[in-house]
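Before any comments, here is the structure.
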Amino acid sequence: MNTPLAIVLIAMLGGAIRVSTPFMFVAVGECLTEKSGRINLGLEGTLVLGAMVAYAGSYRTGSPWLGVLLAGLAGSCLGAMHGVICKLPRVNDVAVGIAMMLFGTGVAFFFGKPYIQPTAPRLVSIPLGAWSDNADLGSALNVNPLFFVGVLAALALGWALRNTRWGLIVRTVGDSAAAARAIGISVDLVRFLTTTAGGFLAGIGGAFLSLSYPGSWNQGLSSGQGLMAVALVIFARWSPERCVLAALLFGGAGAIGPALQSIGVTQGYYFFNAAPYILTLGIMVATSSAKRSARDIPGELAMAK
Amino acid sequence: MDSGAPAAGEVSGAVLPAAPSERAASDLALRLRAGSEYVAIPALALAIAAFLFSLFLLAIGKSPIDFVDNIWRGGFGSGFSFQNTLQRSAPLILTALAVAIPARIGLIMIGGEGALVLGGFASAAIATPMVGVVAPWLTLIVMASAGVAVGALWIGLAGFLRYARGVNETISSLLLTYIGVAIMNFFVEGSLRDLSNPNKPSTRPIGEAYMVGKIPGTDVHWGFLAGLILAVGLQILMTRTTFGFAARVTGGNMRAALAQGLPVGKLIVACAMIAGACAGLAGFYEVAAIQGRANASLAAGYGFTGILVSFLARHNPLAIVPVAILFGGLVAAGGLIQRRMGLPDATVLVLQGLIFVVLLTSETLYGRFAIFKTAASKDRT
């Protein structure tokens with residue numbers, strides 16, 4: 001059990017679980033938003049703001065879970081802003097997303113400055129690996145409760161989208177706004193709510209970054225995870241369950257570098273740092289097509305037109 | 001009505017010789033009136049953003065008047081600070097052009113930062129073996145070519161993927177930015193690292209003799225002039241040539257362009273490559289005129305501010321210049337704001353983000369004010 005390969009695989013398993021959690025939250029949130037026919041590219045900013053608010057909240061109140069809640073609320077504020085602005089005619093949701101990305105990051109850096117130094121109480125992980133006497137496996141299976149919250153949220157959302165009245169309304173709005181209006185649904189209201197809820201989830205993803213892994217707040221905390229998660233939704237073909245699987249895949253890819261480092265392979269460190277971005281791009285190239293729009297794409301999405 | 005109007009004009013022109021020039025004058029007035037909307041609404045957005053930012057400053061107990069005063073002093077107030085502003089507006093003009101040209105063909109490319117970083121890195125890397133061996137002027141030409149070529153390839157790749165595989169160019173160009181920064185870090189901390197500099201991983205300095213000089217009589221490097229020339233040149237390219245016309249047709253309606261038999265794929269890749277070349281050139285000037293070497297300082301956020309500049313200028317290459325100077329002043333005054341007012345360096349980011357959000361919100365105002373409407377535009381709607 002202590003061969004280098006086993007160590008790397010175990011480290012990748014642990015890394016996949018840890019690294020995937022923020023991807024998962026952002027992707028599931030974005031999935032809900034896109035299901036209603038709107039794209040919010042600003043979740044990178046939401047993620048960073050969520051991380052900052054969670055850290056500050058946990059530091060101020062002493063309760064990390066309160067920090068998580070505050071991060072979600074901060075995320076929903078940004079989501080609501082996006083939702084309200086994009087409701088106006090002639091406003092481009094992709095461009096607003098870019099603006100929200102810059103705005104969210106700026107606000108997070110501005111208010112986050114005093115929290116770079118102090119140490120805030122972090123979320124306690126559940127030692128699922130305690131049964132094993134292998135220390136590596138034990139630490140790999142130290143799973144943060146937010147991981148399970150994310151998986152449950154994805155499963156619940158997937159079920160609700162398929163089986164509930166609310167889910168039907170969201171899907172109708174996403175597939176044909178005209179049809180939704182014809183049966184008396186307020187398209188703007190639905191999209192506002194889904195963008196707000198998406199922001200809430202992305203904020204919680206940020207809380208995981210600052211309160212669990214890597215577990216501190218600094219300005220380089222998120223470098224593109226929010227953006228990659230948005231790309232991941234395309235790969236997951238707008239299904240919350242597949243978003244979880246895609247996030248795990250990405251987590252695994254992101255964990256290759258640190259896993260190799262743990263057995264002393266430091267060469268190509270920067271290459272492995274770039275691996276998730278390259279993987280995202282590769283997946284986008286592989287799953288897109290110039291001839292037809294992606295499978296299962298909500299018909300109202302700007303990308304589909 | 002449409003077909004009748006020119007005929008009537010011709011007839012009256014034949015009878016009264018003064019009529020055509022009168023008509024031209026009123027044509028200009030009408031165009032000015034319609035065009036002023038594109039100045040007034042962004043200006044209004046700027047004012048609203050400034051007002052909201054003032055409220056923000058008041059809420060955290062800082063004086064907005066001090067803020068304006070510091071921006072004035074740090075960015076525009078003296079000859080020294082204004083030259084500093086122009087210096088900083090050079091990369092902004094170039095990275096804004098990198099957003100504006102693809103925008104004309106209907107693409108939202110936001111990868112200017114990556115092309116700047118890689119272009120700058122390529123310049124520094126290719127210079128390393130040439131310094132001390134090849135004459136400075138030749139080295140600089142090679143450096144600039146390398147920066148332009150690498151930048152063009154980088155954003156051109158996003159354009160190519162868009163056309164050939166339908167990959168969303170906004171996401172891919174931003175991903176390429178992260179990859180570009182990682183590539184630079186890989187070399188700068190690895191094989192190309194200057195081992196005599198333990199503080200900050202950098203390439204070897206190109207040395208004073210190999211740097212781009214200043215425009216005579218000023219403290220501003222030649223990159224600013226290059227930005228001006230490119231802005232004018234690209235404006236001509238996009239408005240006065242067949243290429244520009246075809247690009248704008250494609251941006252207006254891609255299906256119509258395809259139906260017309262326009263080479264849409266080539267146009268998209270060409271526009272993306274022009275964009276990348278501009279950003280790569282910005283990287284070259286950052287290395288050859290400011291830093292003297294490539295390191296993490298290249299990723300200073302010019303590429304992201306350039307996005308805002310281009311949107312505020314409504315992707316018009318000529319309008320980009322004054323807007324870039326305005327934001328260059330803001331960037332230049334950032335340090336002063338930090339020191340004098342005790343505000344974090346992210347203050348400028350907050351202000352930029354706010355301006356961007358308000359500006360995009362203001363898009364909804366177009367066509368809502370009767371004052372900008374001409375008879376022709378009423379006909380259209």
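The values are calculated or read from the model by the stated rules, or taken from the named source; none is laboratory data. Here the structure is a predicted model, which means the values were calculated and not measured. Virtual Cβ from ideal backbone geometry, glycine too; neighbours counted across all protein chains shown. The accessibility values were calculated without ligands, DNA or RNA, using every heavy atom of the protein model including side chains. Shrake-Rupley method; radii C 1.70, N 1.55, O 1.52, S 1.80 Å.
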May I have the pair-distance distribution P(r) for the protein assembly as shown, computed from all Cα-Cα distances with 20 Å bins from 0 and rounded to whole percent?
-> 17, 50, 28, 4, 0, 0
If the cut-off is 20 Å between C-alpha atoms, which aspartates and glutamates fall inside it for B:LYS62, apart from same-chain ones fewer than 8 positions away?
-> B:ASP345
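Solvent-accessible area per residue for segment B:90-319 at a 1.4 Å probe radius, Å²?
On the way: 8400 Å² over 230 residues.
Per residue, segment B:90-319 has 37 Å² of solvent-accessible surface.
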Using every pair of alpha-carbon atoms in segment A:1-119, split the distances into 5 Å bins beginning at 0 and state the percent of pairs per bin, rounded to integers.
-> 2, 11, 16, 18, 16, 12, 10, 7, 4, 2, 1, 0, 0
Once amide H atoms are placed 1.01 Å from N in the peptide plane, what residues at a sequence separation of 5 or more from B:HIS221, or on another chain, have their amide H within under 5 Å of its amide H?
-> B:ILE215
Whole-percent carbon and sulfur contribution to the accessible surface of the protein assembly as shown (1.4 Å, no ligands, DNA or RNA) stands at 66
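Under 4 °C and 1.567 mPa s, how fast does segment B:304-361 diffuse according to Stokes-Einstein, given a Kirkwood radius computed over C-alpha pairs? Answer in µm²/s, whole number. Working shown, then result.
On the way: Rh = 11.9 Å.
Rounded, D is 109 µm²/s.
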Helix by helix, which DSSP H runs in chain B go 20 Å or more along their axis at the Cα atoms and have an average Kyte-Doolittle hydropathy of 1.0 or more?
-> B:37-59, B:112-127, B:136-165, B:169-188, B:223-240, B:264-285, B:317-341, B:347-362
Degrees separating the helix A:43-61 axis from the principal Cα axis of chain A, which is the longest one | 60
Residue-normalised value, i.e. accessible area per residue, for segment A:4-304 at 1.4 Å probe, in Å², stands at 39
Set of aspartates and glutamates with alpha-carbon distance to B:LYS266 below 18 Å, sequence-local pairs under 8 removed = B:GLU169
Exposure of A:ASP175 as accessible area (Å², to 10), given a probe of 1.4 Å and all protein chains | 90
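Take each of the peptides B:336-346, A:52-62, average the number of other beta-carbon atoms within 10 Å over its residues, and list them starting from the highest. Before the final figure, lay out each step's value.
Details: B:336-346: 16.4, A:52-62: 23.9.
Top to bottom by mean Cβ count within 10 Å: A:52-62, B:336-346.
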Straight-line reach check, B:LYS214, cutoff 17 Å on alpha carbons, 8 or more apart in-chain or any other chain, hits among aspartates and glutamates -> B:GLU286
Express the relative contact order of segment B:90-319 as a whole percentage, based on alpha carbon pairs under 8 Å and six or more residues apart in sequence.
-> 45
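How crowded by other chains is B:184-193, given as the mean number of beta carbons from other chains within 10 Å of each beta carbon?
Details: counts 1, 4, 6, 1, 1, 2, 5, 0, 0, 0.
Counting Cβ atoms of other protein chains within 10 Å of each residue's Cβ and averaging gives 2.
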Pairwise burial B:A, computed as accessible area of each alone minus the pair, summed, 1.4 Å, Å² | 3800
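Using only alpha carbon pairs under 8 Å that are at least six residues apart, calculate the relative contact order of chain A and give it in whole percent.
Numbers: 601 pairs, mean separation 110.8, N = 305.
For chain A, the relative contact order is 36 percent.
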Comparing the chain by itself with all protein chains present, which residues of segment A:92-115 are at least 40 Å² less accessible (probe 1.4 Å)?
-> A:ALA95, A:ILE98, A:ALA99, A:LEU102, A:PHE103, A:PHE110, A:LYS113
Label point 7 Å out from B:ASP219 along Cα-to-Cβ: which residues of segment B:327-346 have amide N under 17 Å?
-> B:328-337
Given unit charges at Cβ for Lys, Arg (+) and Asp, Glu (-), the dipole magnitude of chain B about its Cα centre in debye, nearest 20, is 300
Protection proxy ranking of B:114-124, B:348-358 - average other beta-carbon atoms within 10 Å, highest first | B:114-124, B:348-358
Helix A:93-112 axis, angle to chain A major axis (alpha carbon atoms, nearest 10°) = 40
Quick one: give the max-minus-min coordinate of the C-alpha atoms of chain B along each principal axis, largest first, in Å.
-> 81, 55, 42
Any idea what angle helix A:145-163 forms with the longest principal axis of chain A, computed on alpha-carbon atoms, 0 to 90 degrees, nearest 10?
-> 30
